[in-house]
1. Filter the stretch 1-49 down to the residues that are over 29 Å from the mean Cα position of the chain (by Cα) and among the polar types (S, T, N, Q), then identify the one that is surrounded by the fewest Cβ atoms within 10 Å (Cβ to Cβ).
2. Can residue 26 be described as within 30 Å of residue 3 (Cα to Cα) and modelled with pLDDT under 95?
3. Residue check: is residue 38 free of Cβ contacts under 8 Å to residues at least 12 places away in the same chain and in a loop (DSSP other than H, G, I, E, B)?
Amino acid sequence: MTPFFDSWSAFWQMGNHGFYVWLSYGISLIAILLLVVTSHRGQRKVLREVQKEIQRQQRMKQQITTENRL
């Protein structure tokens, strides 16, 4: 099996299109990383809101049972 490029320099230059090729890879990588980070933050926010809602419902349930005892 023979490599497509003769040297590492030729690999990085990609037939004089290296700037555009590597720029597109870089932009794609940044976009994917931003997507992962924002998705993770959104998930944490939703989980916090769900936990707050569960706690609120438990407080309301306790309040109702306390009022029923009186």
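The values are calculated or read from the model by the stated rules, or taken from the named source; none is laboratory data. The model shown is predicted, which means the values in this text are computed figures rather than measured ones. Note that each Cβ is placed from the backbone with ideal geometry, even for glycine, and that neighbours are counted across all protein chains shown.
1. 2
2. Numbers: within 30 Å of residue 3 (Cα to Cα): yes; modelled with pLDDT under 95: no.
So residue 26 fails the test.
3. no
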